[in-house]
Each structure stands twice: as structure tokens, then as C-alpha cells.
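The values are calculated or read from the model by the stated rules, or taken from the named source; none is laboratory data. These numbers come from a predicted model, not from an experiment. Positions of Cβ are generated from backbone atoms using ideal geometry, with glycine treated the same way; all protein chains shown enter the neighbour counts. Remember, those area values only see protein heavy atoms, side chains included, never the ligands or the DNA or RNA. Shrake-Rupley method; radii C 1.70, N 1.55, O 1.52, S 1.80 Å.
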Amino acid sequence: QVRLVESGGGVVQAGGSLRLSCAASGRTFSNYAMGWFRQAAGKEREFVAAVSWSNITAYYTDSVKGRFTISRDNAKNTVYLQMNSLKPEDTAVYYCNAALNIGLITKRESPYWGQGTQVTVSS
């Protein structure tokens, strides 16, 4: 079992930045690929970014490329999502997830999910 706890959400003006963190516990963190999804009110949960266990491979949805950066610190069992140049359309609950293969992350087949953290971007 992998337990994931997100933090770092909040309210920010358009153009601002936030850094989300996701702390993992329970299993060997470095064995798992990690990802971030988001869900806006009334919409389906969508993929945002994923990073391999080695921190070498990363994927992003097109709408966040060049603005968001996913990274991880295996010594701290934590994955981060640095979000810059935020837009009102980035407003959503952001969820961290984990899987043994980065392909499972991008296919939304992760067995482990956090509870989410709210990000609100005001215009």
C-alpha cells in the first residue's frame, strides 16, 4: 500500500506560481512512477504530468507544457509540481498518484491516489 498526501494548494492570481508537493509513505518510493492529475468542477479528471522513478522521463499534457514542471526527490519520498504562469483554467483539485510503470500513470490506471489539494487561480 502507498499512502499519498498532497499539499501546497491555495488561491493565486493569474500569472502567479504555486508548488504542489506530494509526500509518499508505505512502500519504496523510488520504485514508483509518479503523476499529477486535476479535476475541475463539473469536468472529468485529466492527466497533467508524470515522472519516471528515475526522474529522467517526464510527460505533460499540452496545456501545461512550458509552464509546469514535475520533479521528485527520492530521498524525501516526495514529488513536486511547480506551476508557473497560472491561468484561471488551471483551477481544479490536483491529485497525486503512483504506479509501478509510467505507462499506467498516463493511462489513468494508477492503483494509488491522494485526496487532492485545491488550486484556485483568480483573474
Point to revise | Output for the range 20-44, where each listed residue is open to solvent by 70 Å² or more (accessible area, probe 1.4 Å) and either assigned to a loop (DSSP other than H, G, I, E, B) or in contact with a strand residue (DSSP E or B) (Cβ under 8 Å, 6 or more places away or on another chain) (or both) | key: R27, T28, A41, G42, K43, E44
**Study point:** Matching residues, the range 67-83, being within 15 Å of A99 (Cα to Cα) and under 9 Å from the mean Cα position of the chain (by Cα)
**Key:** V79
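Can you name every residue in the range 59-74 that is more than 20 Å from T106 (Cβ to Cβ) and either among the aliphatic types (A, V, I, L, M) or part of a loop (DSSP other than H, G, I, E, B) (or both)? Full working, then the answer.
In the first step, residues of the range 59-74 are kept if they are more than 20 Å from T106 (Cβ to Cβ); the result is 73-74.
Across the range 59-74, the qualifying residue is only N74.
Scan the range 61-80 residue by residue and report those that are farther than 18 Å from S25 by Cα and either of a type in the set (K, R) or in contact with a strand residue (DSSP E or B) (Cβ under 7 Å, 6 or more places away or on another chain) (or both). Spell out how you get there, then give the answer.
So the first thing to find is which residues in the range 61-80 are farther than 18 Å from S25 by Cα, and the list is 61-70.
Passing the criteria: T61, V64, K65, R67, F68, T69, I70.
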Point to revise | Residue pairs meeting the criteria (Cβ under 8 Å; at least 6 apart or on separate chains; first open to solvent by 30 Å² or more (accessible area, probe 1.4 Å), in the range 80-91; second of a type in the set (V, I, T) and at pLDDT below 95) | key: none
Check your understanding: Could you count how many residues in the range 59-75 are at pLDDT 95 or above and crowded, with 16+ Cβ neighbours inside 10 Å?
Key -> 8
**Study point:** Flag for W53 being at pLDDT below 95 and buried (at least 19 other Cβ atoms within 10 Å of the Cβ)
**Key:** yes
Practice item. May I ask you to list pairs of residues, at least six apart or on different chains, whose Cβ atoms are under 7 Å apart, with the first in the range 1-12 being assigned to a loop (DSSP other than H, G, I, E, B) and the second being open to solvent by 20 Å² or more (accessible area, probe 1.4 Å) and aromatic (F, W, Y)? Key: V2/Y112
Revision key, fill the gap. By residue number, the members of the range 92-112 that are more than 18 Å from Y60 (Cα to Cα) and open to solvent by less than 70 Å² (accessible area, probe 1.4 Å) are Y112
